[in-house]
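The values are calculated or read from the model by the stated rules, or taken from the named source; none is laboratory data. Everything numeric here is computed off the predicted structure, so don't read it as measured data. Positions of Cβ are generated from backbone atoms using ideal geometry, with glycine treated the same way; all protein chains shown enter the neighbour counts.
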Amino acid sequence: MVMITHCETETIALGEKLGNLLETGMTVALKGDLAGGKTTFTKGIGRALQIKDVINSPTFTILKIHQGNRQLFHIDAYRLENNEYDLGISELADEGITVVEWPEYYQTYLPEEYLEVSFQYIDDNTREIAFIPHGERYESIAKEMTC
Amino acid sequence: MLTLCIDTAYKYLTCALIRDDQIIAAYSKECFKQQSEQVFTAIKEVFSAAGARKEEIDSICISEGPGSYTGVRIAMTIAKVIGELKPCDVYTISSLRLYAANRSNCMAVMDARADRVYVGIYNGSEVVMEDCALPIKEIDAKDYLIVGDGALLGRENDYGNIPQAFLLTRPMWKKADQIAYLTPKYLKESESYQR
Amino acid sequence: MIERMKKEDLDQVVEIEKDSFDHPWNRGYFENELNDSEIGELFADIENGEVIAYGELWYMFENCDLTKIVVKKDYRHRGYGRKMLKHLTHIAKERGCEFMHLEVDVKNDDAIKLYKMNGFTTVRTRKNYYENGSDAYDMIKGLIEAKPRKVLAIESSCDETACAIIDEELNVYSSVVTSQIDVHSRFGGVVPEVASRMHVEQISTIVKEAVEQAKIKVEDVDAIAYTIGPGLIGSLHVGGIAAKSLAFFYDKPLIGVHHLKGHIFINELIKPLSYPVMALVVSGGHTELVYIENDESFRIIGTTLDDAIGEAYDKVARVMQEGYPGGPIIDKLAREGKAHYRLPTPKVDAYDFSFSGLKNAVLQLVKKEEADGNEINKNDLAYAFQETALNVLVNKTEEALKEYPCRSVVLAGGVAANSRLRELMQERFADHDLILPPLKYCTDNALMIACAALHYLKHEKFVDLDAPSMPSMSIED
């Protein structure tokens, strides 16, 4: 279940496609290096949700909340390092779509079911993007994304 | 003695004025996640309905949680700021205990998300089980009257008469010795990040 | 010494009266006033048993009439009239009078001058007022001195809980801030829920401390201000509820301040802004060029298309495996660095900014050096990044000033503390009225919210108790 994108525009378009498939309450985990395309992809999801403000990775606040026709909870878990504190995210998650960058540091909070999206840096413009469903309700979405 | 009671912990926005042993005005509406905008409208309403002046209050009683994180902070912030500056006494009560309102064999439950509930068991003024967060599947509710989110346990939702509950539970109100150190009871993790 | 007139003074007073007026008040009138007049009060200036001057006030609700001031002939032009007037004004103020009124013969130049010198103004002329057919001036003086109004402000938009009190003359009564930085640096960033909880823990202590340090009571302030947005929703709520609590329980008007206006107006503590103003707003959440025509008109002419400058610093610090927050760390490393690495200058149209590409360039450079087996010189890399990023900021500001000529140029926001940015601003905008915020007020504080709130107060822009917080409010709103 892998797609190749050749420029930012394609990555955004792919994110927008996913944004249109996601239901409220769903979680997407974005794996990959810095500059791997995760934030670009999230911009696409934001476009599907009709979010007008700039989407960038939320280093400063760790969680950014964007309001569109639905809410987007954009998390950068890089520095959370799996600590045990309650981040209050579970209180929000039901009411919008959660996108987590660096989910490897977010194991404590990650719900049992989510969609994993994995980014591979090929060259400056090219990215290999894989969709891995965790849980039944994400299977059809992953399939849809790669056809 | 005039006490302003406020509960914003969960689905309702409740304000009540209790003078001596009587509720002299009350406001209670379902207002989930809108409390922060509406709370002063509600407080204004109870003062004008009671014909009381806000200078007259000598104490505030609030529900301290558990509940929605944003919700519990609203009443707590009002109580802390006014309690410290006016100054006046501040009393707190668990929101679950408030909803149980001294009923016998009563289990108070509230959705804690992710298939968990906040739950406390009360028998009149006695605490049978301290408030805590538990997975729904671990809850055995068959011997109890259920208040709060009963639907989560296959029963009816019932939040009771919250203004009345403030009056009934008055002997159980805890007086804050140091208002500055009051914190909401979030229940799901350590109470402070200071450590 | 001036005292209330007594019966034993009357013999002398009646003599002076006869000596001074064609139509003097008679003894009976004075006796009447001394005995049972509720509204009139007579005063006499007595030295060694001799009456030098006397005067009378009539009280009418919040106003009072100065019915007469008389100085004995031999003592005129020696300051006794002024002394009596001052004393009577003082008495009237103490009685709570708001205005003092008098009539004076239009031909009595000496008296008119005395009154004018002491703050009276002529409001009209009464024709044929006196029995001899003379006209009179009606003169009044306001007794309430306009005290500069005070504002109490609360800031809680991100990770600082703060409260400050200031007055319209920019006298700072108090400014209390607690930072949560120690807690958040454990997470490497501000976790919204953690920030909200800390605000609730701190809020009452901070507000109380600010009020106590100011040595005033909440009753003494004229308005309550708070940061209404932008910021973290949960954090904004706590400050908002605290401010509304005070506004409600103490019956004060409520002011909802835009956070960035605070960063801009804190510069007024240095000197007044000369409009129009160009503000370069740089922080962890913002990178904006704001053209300010007057204190009510803000226009964003440039903004970041991706990362805020502060975030770019954080991310580059992350690439270099340095700590958080990135700003001060990189600034410090760059001080030791030299021109060695080359990074591409971000190219964006007009006055907008982009730092995402620069961050990627840093990452690629690090990867390439690692692949080549070279050790990265962190100082030089920090230098290269900082020079590139900051030059973009000042170049765009310079460009913008060509299209939008301004008198003042101000720097605002947390990144305004960056030492190199301050240097560059001074180098490039020396020909403008350049204002750099005091270092201690670059990070979030409530004094800045109070400074901005004074402008809202001036324009009577208040909000209601049900005003919602606005996490993504624009400065143009």
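For segment B:80-100, taking the residues that are within 14 Å of chain C (Cβ to nearest Cβ), of a type in the set (A, V, I, L, M, F, W, C) and in a helix (DSSP H, G or I), the one that is surrounded by the most Cβ atoms within 10 Å (Cβ to Cβ) is identified as B:Val81.
Being in contact with a strand residue (DSSP E or B) (Cβ under 7 Å, 6 or more places away or on another chain) and among the aromatic types (Phe, Trp, Tyr) is a description that does not apply to B:Tyr69.
Per-residue answers, yes or no, for (1) farther than 15 Å from C:Arg299 by Cα; (2) more than 14 Å from chain A (Cβ to nearest Cβ):
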| position | (1), (2) |
| --- | --- |
| C:Pro230 | yes, no |
| C:Gly234 | yes, no |
| C:Ala243 | yes, yes |
| C:Leu246 | yes, yes |
| C:Pro253 | yes, yes |
| C:His263 | yes, yes |
| C:Asn267 | yes, yes |
| C:Pro272 | yes, yes |
| C:Tyr275 | no, yes |
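Counting only residues that are of a type in the set (Asp, Glu) and more than 18 Å from C:Arg76 (Cα to Cα), which one in segment C:23-55 is surrounded by the fewest Cβ atoms within 10 Å (Cβ to Cβ)? Taking the candidates together, the pick is C:Glu38.
Residues are listed down the side, and each one gets a yes or a no for (1) touching a residue at least 24 places away in the same chain (Cβ under 8 Å); (2) farther than 30 Å from C:Gln364 by Cβ; (3) within 14 Å of another protein chain (Cβ to nearest Cβ); (4) surrounded by fewer than 19 Cβ atoms within 10 Å (Cβ to Cβ):
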residue	(1), (2), (3), (4)
C:Ala417	yes, no, no, no
C:Asn445	yes, yes, no, no
C:Tyr456	yes, yes, no, no
C:Asp477	yes, yes, yes, yes
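Of the residues making up segment B:127-148, one or more are acidic (Asp, Glu) and touching a residue at least 60 places away in the same chain (Cβ under 8 Å). The one condition from (1) buried (at least 18 other Cβ atoms within 10 Å of the Cβ); (2) at pLDDT 90 or above that C:Lys18 does not meet is (1).
For segment B:53-79, a tally of residues being assigned to a loop (DSSP other than H, G, I, E, B) and either facing chain C (nearest Cβ under 9 Å) or out of contact with any Phe, Trp or Tyr (no Cβ under 7 Å at 6 or more places or on another chain) (or both) returns 4.
When C:Asp22, C:Asp11, C:Asp36 are screened for being closer than 23 Å to C:Leu114 by Cβ and among the acidic types (Asp, Glu), only C:Asp22 passes.
Being closer than 19 Å to B:Phe47 by Cβ and out of contact with any Leu (no Cβ under 7 Å at 6 or more places or on another chain) is the filter; apply it to segment C:247-258 and report the residue that is surrounded by the fewest Cβ atoms within 10 Å (Cβ to Cβ).
Among residues in segment C:247-258 that are closer than 19 Å to B:Phe47 by Cβ and out of contact with any Leu (no Cβ under 7 Å at 6 or more places or on another chain), the one surrounded by the fewest Cβ atoms within 10 Å (Cβ to Cβ) is C:Asp251.
Only one residue in C:Gly96, C:Gly55, C:Gly81 is within 30 Å of C:Lys147 (Cβ to Cβ), without any contact (Cβ under 8 Å) to a residue 40 or more places away in the chain and in a loop (DSSP other than H, G, I, E, B), so which one is that? After ruling out the rest, the residue left standing is C:Gly96.
For C:Val316, are the conditions met, namely being in a loop (DSSP other than H, G, I, E, B), among the β-branched types (Val, Ile, Thr) and within 14 Å of another protein chain (Cβ to nearest Cβ)?
Working: in a loop (DSSP other than H, G, I, E, B): no; among the β-branched types (Val, Ile, Thr): yes; within 14 Å of another protein chain (Cβ to nearest Cβ): yes.
When the stated conditions are applied, C:Val316 does not pass them.
Quickly run through segment B:1-27 and pick out the residues that are small (Gly, Ala, Ser) and either more than 25 Å from B:Pro66 (Cα to Cα) or surrounded by fewer than 21 Cβ atoms within 10 Å (Cβ to Cβ) (or both).
Within segment B:1-27, the subset small (Gly, Ala, Ser) is B:9, B:16, B:25-26.
The one that is small (Gly, Ala, Ser) and either more than 25 Å from B:Pro66 (Cα to Cα) or surrounded by fewer than 21 Cβ atoms within 10 Å (Cβ to Cβ) (or both): B:Ala25.
Does C:Glu15 count as without any contact (Cβ under 8 Å) to a residue 40 or more places away in the chain, assigned by TED's automatic domain parsing to the domain that holds C:Asp109 and over 41 Å from the mean Cα position of the chain (by Cα)? Spelling it out, C:Glu15 is indeed without any contact (Cβ under 8 Å) to a residue 40 or more places away in the chain, assigned by TED's automatic domain parsing to the domain that holds C:Asp109 and over 41 Å from the mean Cα position of the chain (by Cα).
Among the candidates C:Glu398, C:Glu375, which residue alone is free of Cβ contacts under 8 Å to residues at least 40 places away in the same chain, in contact with a helix residue (DSSP H, G or I) (Cβ under 8 Å, 6 or more places away or on another chain) and either more than 28 Å from A:Trp102 (Cα to Cα) or of a type in the set (Ser, Thr, Tyr) (or both)? Break it down into steps so the answer makes sense when it comes.
Values: C:Glu375 fails: either more than 28 Å from A:Trp102 (Cα to Cα) or of a type in the set (Ser, Thr, Tyr) (or both).
Of the residues listed, the single one that is free of Cβ contacts under 8 Å to residues at least 40 places away in the same chain, in contact with a helix residue (DSSP H, G or I) (Cβ under 8 Å, 6 or more places away or on another chain) and either more than 28 Å from A:Trp102 (Cα to Cα) or of a type in the set (Ser, Thr, Tyr) (or both) is C:Glu398.
In the set (1) over 25 Å from C:Leu260 (Cβ atoms); (2) in contact with a Phe, Trp or Tyr (Cβ under 9 Å, 6 or more places away or on another chain), the condition left unmet by C:Gln386 is number (1).
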